[in-house]
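The values are calculated or read from the model by the stated rules, or taken from the named source; none is laboratory data. Please read these numbers as outputs of a predicted model, since none were measured by experiment. Positions of Cβ are generated from backbone atoms using ideal geometry, with glycine treated the same way; all protein chains shown enter the neighbour counts. Side chains are part of the model used for accessible areas, which takes the heavy atoms of the whole protein and leaves out ligands, DNA and RNA. Shrake-Rupley method; radii C 1.70, N 1.55, O 1.52, S 1.80 Å.
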Amino acid sequence: MYAQMVKSTGTGVKSLDEMEPEERAFQEKVDADIRIEARDWMPEGYRKTLIRQIGQHAHSEIVGQLPEGNWITRAPTLERKMILLAKVQDEAGHGLYLYSAAETLGVTRDEMTEMLLSGKMKYSSIFNYPTLTWADIGAVGWLVDGAAIMNQVPLQRTSYGPYSRAMIRICKEESFHQRQGYDIMMKMAKGSEAQKRMAQDALNRFWYPSLMMFGPSDANSVHSEQSMAWKIKINSNDELRRKFVDQTVPQAEYLGLTVPDDTLAWNEEKGGYDFAEPDWDEFFDVLKGAGPANHDRLEARKTAWDDGAWVRDGLTAHAEKKRTAKVAAE
Ligand SMILES: [Fe+2]
Ligand SMILES: [Fe+2]
């Protein structure tokens, strides 16, 4: 049923006059910033786009635990280990909220998981890059959670009620994540020469993949126009990317690190930085599965799904037993 999900859902945006009465009523609610709830009428394209977007967001939270979970046993101090453990657990929680939000649209978590494992649904391309050193955990918190916040803060006002409410809670936790990452970077950047080099190297490797997190430039973004009319998307990809660069460059300067972009310069006239675009060919290659860690990430999820089969079977059997006992008692 959701096989078409990864494709674009519409051709152009309809005007109110072109809509049937129920669609017009829906659009007027969206325009008036009234939240759409699970039982309300909604266009099929809206439902499908939301399932794709929320499902992919949920998968990203879950797959995003892998590069960081990789460092839990190797965190340099007990305190760092506890903080990282708590952060990774937060991401699991985000995944669960979001799967639940997507389920209100008529898709099950099992279906979404199967679509992830079969490659029909994606997760954020950033998690296909490996975390090679402890400084990478700092860079991930600072840049990746930082970019996630930039994306997610406007989504607190998204038109679909369950998604918007999930975002409000998630954003509170994300700002902690970014601070813990920046705190690691501070320690490294102000530490020994070797630590400073490690911090710079992490920034070098994560800078462009972080810029890619906002998606392709507006001209090449297939879902944008309709999604913005539906208020599933609030800002354009380029707009958010610019905001992220403007916010992050001074933070890098404060750390005494150099953003790996020779063209980076403050542009007084536009009141923002000029900066180089990421390599979009690399982005599309990673999306297609050719990133450095795509294979490992999906294998880890497949193994987790297979290893968890006995738990799912056990819970289903137990629920069935309770149900039969209840029926017999009645
Ligand atoms: Fe998260
Ligand atoms: Fe996070």
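List of remarks:
- Unit Cα scatterers, Debye sum, the stretch 17-57: log10 I(q)/I(0) for q = 0.20, 0.26, 0.27 Å⁻¹: -0.66, -0.97, -1.01
- Net charge over other residues, Cβ less than 12 angstrom from the Cβ of residue 66 (K, R count +1; D, E count -1): -3
- Residues in the stretch 89-135 average 38 Å² of solvent-accessible surface per residue, probe 1.4 Å, ligands and nucleic acids excluded.
- Taking the three principal axes of the alpha carbon atoms in the stretch 222-330, the coordinate ranges are 77, 36, 32 Å, sorted in descending order.
- Rolling a 1.4 Å probe over the protein heavy atoms leaves residue 224 with an accessible area of roughly 20 Å².
- Entry for the stretch 26-84 at q = 0.24 Å⁻¹: log10 I(q)/I(0) = -0.99, Debye formula applied to identical alpha-carbon scatterers, no solvent contribution.
- Taken one residue at a time, the phi angles of the stretch 291-298 give Karplus couplings (6.51, -1.76, 1.60, θ = phi - 60°) of x, x, 10, 3, 4, 4, 4, 5 Hz. Gly and Pro are set to x.
- Protection proxy ranking, peptides 156-162, 309-315, average beta carbon neighbours within 10 Å, highest first: 156-162, 309-315
- A simple spin-label model places the labels of residue 228 and residue 310 5.3 nm from each other, with each point 7 Å out along Cα-to-Cβ.
- Contour minus Cα-Cα distance for residue 262 and residue 276 (0.36 nm per residue): 4.2 nm
- Within a Gaussian network of the chain (alpha carbon springs, distance under 10 Å), most fluctuating of 140, 222, 245: 222
- Counted by Cβ distance under 9 Å from residue 217, the other residues give a net charge of -2, where Lys and Arg count +1 and Asp and Glu count -1.
- The chain, accessible surface, carbon-and-sulfur percent (1.4 angstrom probe): 55
- Between the stretch 61-111 and the stretch 203-273, the alpha-carbon center distance in angstrom: 25
- With contacts taken as Cα pairs under 8 Å at a separation of at least 6 residues, the stretch 202-291 carries a relative contact order of 32 percent.
- Normalised contact order of the chain, rounded percent, pairs of Cα under 8 Å and 6 or more residues apart: 18
- Computed over the chain, the per-residue total of -39500 (n - 2.57) for DSSP H runs of n ≥ 4 gives a 222 nm mean residue ellipticity of -20000 deg cm²/dmol, rounded to 500.
- Debye log10 I(q)/I(0) at q = 0.15, 0.18, 0.21, 0.24 Å⁻¹ for the stretch 84-188, Cα point scatterers: -0.71, -0.98, -1.21, -1.35
- Between 118, 100, 236, the residue with the greatest mean-square fluctuation in the GNM of the chain (Cα pairs under 10 Å linked by springs) is 118.
- Sorted on the mean count of surrounding Cβ atoms within 10 Å across their residues, most packed first, peptides 129-136, 275-282 read 129-136, 275-282.
- Rg/Rh (Cα only; Kirkwood hydrodynamic radius) as it applies to the chain: 1.00
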